[in-house]
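Participant: Supplied in structure tokens, the structure appears directly below.
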Amino acid sequence: KQEVTQIPAALSVPEGENLVLNCSFTDSAIYNLQWFRQDPGKGLTSLLLIQSSQREQTSGRLNASLDKSSGRSTLYIAASQPGDSATYLCAVPGGDNFNKFYFGSGTKLNVKP
Amino acid sequence: DGGITQSPKYLFRKEGQNVTLSCEQNLNHDAMYWYRQDPGQGLRLIYYSQIVNDFQKGDIAEGYSVSREKKESFPLTVTSAQKNPTAFYLCASSKAGRGSEQYFGPGTRLTVT
């Protein structure tokens, strides 16, 4: 069974810093990897989906990289802002037909003004 | 506006009662999912459905039941057999196909006392 781990569990940075969030998975036979943002008490918002054939995917100040062979993905946030404060989760599909999604526990980010 | 709605936002029940959580989507997605989220943890898959009138158990299906009579709707019933039902419940949907991008509803917070 696929296991997804996110380190660190929490991160606090001053506004303006560039930062990296980490996601690792145990089974490298993934189809893609999705990064989400979750605000307190809310649902998940999709940020980026990176296919297994891609190495990077970018959206605005966000850049996700994927290294299948090592079982790792990183989410890079440039020039962080207080509005970036949220929990960031990664997920990979698995199961017989990649119909089941496995989530990490998330990294709770606090960007201080 | 296309999206996923979940109702109610907050739900309170007494122990021993069954309760049904609603999930509706107008994205024309074939697949729908139910997840449970506990504090500080990632999402765990309860049930998923790839097509109308068909659904499969996820990793923590015991004490839950679902139906998929319409493409747009995937209600979840939390039965009295669920030992620890207090949690945040999230519904998601995606297009058919392997590892398709998931979209989430706003969630329902269930408290059972």
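The values are calculated or read from the model by the stated rules, or taken from the named source; none is laboratory data. Remember, it's a predicted structure, so these values are computed and weren't measured experimentally. Virtual Cβ from ideal backbone geometry, glycine too; neighbours counted across all protein chains shown.
Participant: For the stretch B:75-101: of the residues being crowded, with 22+ Cβ neighbours inside 10 Å and within 8 Å of chain A (Cβ to nearest Cβ), which is farthest from B:Gly63 (Cα to Cα)?
Facilitator: Per the criteria, the residue is B:Gly99.
Participant: Given the stretch A:3-52, what strands (runs of 3 or more DSSP E) lie entirely inside it while holding 1 or more residues that are out of contact with any Lys or Arg (no Cβ under 7 Å at 6 or more places or on another chain) and within 24 Å of B:Thr108 (Cα to Cα)?
Facilitator: Those strands (runs of 3 or more DSSP E) span A:32-38, A:44-51.
Participant: Out of B:Gln25, B:Gln50, B:Gln102, which single residue is at pLDDT 95 or above and either in contact with a Pro (Cβ under 8 Å, 6 or more places away or on another chain) or under 25 Å from A:Leu33 (Cα atoms) (or both)?
Facilitator: B:Gln25
Participant: Taking the stretch A:92-113 as the region of interest, how many residues are under 17 Å from the mean Cα position of the chain (by Cα), modelled with pLDDT under 95 and more than 7 Å from every other protein chain (Cβ to nearest Cβ)?
Facilitator: Total meeting the criteria: 3.
Participant: Further, regarding this structure: Conditions first: (1) farther than 30 Å from A:Ile50 by Cβ; (2) buried (at least 17 other Cβ atoms within 10 Å of the Cβ); (3) away from chain A (no Cβ under 14 Å); (4) modelled with pLDDT of 95 or more. B:Leu110 passes all but one, so which condition is the exception?
Facilitator: (3)
Participant: Here is a further query. Can you tell me which of A:Leu62, A:Leu66, A:Leu75, A:Leu48 is surrounded by 15 or more Cβ atoms within 10 Å (Cβ to Cβ), of a type in the set (A, V, I, L, M, F, W, C), in contact with a Ser or Thr (Cβ under 6 Å, 6 or more places away or on another chain) and over 22 Å from B:Tyr33 (Cβ atoms)?
Facilitator: On inspection, the qualifying residue turns out to be A:Leu66.
Participant: Scan (1) in contact (Cβ under 8 Å) with a residue 40 or more places away in the chain; (2) on the phi > 0 side of the Ramachandran plot for the single condition A:Gly95 breaks and write down its number.
Facilitator: Among (1) in contact (Cβ under 8 Å) with a residue 40 or more places away in the chain; (2) on the phi > 0 side of the Ramachandran plot, the lone unmet condition for A:Gly95 is (1).
Participant: Quickly run through the stretch A:57-85 and pick out the residues that are over 21 Å from A:Pro8 (Cα atoms) and not β-branched (Val, Ile, Thr).
Facilitator: A:Gln57, A:Ser59, A:Gly60, A:Ser69
Participant: Let me ask another. Identify all residues within the stretch A:74-113 that are part of a strand (DSSP E or B) and among the charged types (D, E, K, R); write none if there are none.
Facilitator: A:Lys100, A:Lys108, A:Lys112
Participant: Would you pick out the residues in the stretch B:64-113 that are among the aromatic types (Phe, Trp, Tyr) and touching a residue at least 40 places away in the same chain (Cβ under 8 Å)?
Facilitator: Within the stretch B:64-113, B:Phe74, B:Phe88, B:Tyr89, B:Tyr103, B:Phe104 meet the criteria.
Okay, residues lined up against (1) touching a strand residue (DSSP E or B) at 6+ places or on another chain (Cβ under 9 Å); (2) farther than 22 Å from A:Ile30 by Cβ:
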site	(1), (2)
B:Arg36	yes, yes
B:Tyr48	yes, no
B:Pro75	yes, yes
B:Ser80	no, yes
B:Thr86	yes, yes
B:Cys91	yes, yes
B:Tyr103	yes, no
B:Thr113	yes, yes
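Participant: Go through the residues of the stretch A:75-90 one by one and say whether even a single one is under 10 Å from the mean Cα position of the chain (by Cα) and within 15 Å of B:Glu101 (Cα to Cα).
Facilitator: So far as the stretch A:75-90 goes, yes, one or more of its residues are under 10 Å from the mean Cα position of the chain (by Cα) and within 15 Å of B:Glu101 (Cα to Cα).
Participant: In the stretch B:11-37, how many residues are surrounded by fewer than 14 Cβ atoms within 10 Å (Cβ to Cβ) and either facing chain A (nearest Cβ under 10 Å) or basic (Lys, Arg) (or both)?
Facilitator: Counting residues in the stretch B:11-37 that are surrounded by fewer than 14 Cβ atoms within 10 Å (Cβ to Cβ) and either facing chain A (nearest Cβ under 10 Å) or basic (Lys, Arg) (or both) gives 1.
Participant: Here's a follow-up. Only one residue in B:Asp38, B:Asp30, B:Asp59 is touching a residue at least 40 places away in the same chain (Cβ under 8 Å), within 19 Å of A:Gly104 (Cβ to Cβ) and among the acidic types (Asp, Glu), so which one is that?
Facilitator: B:Asp38
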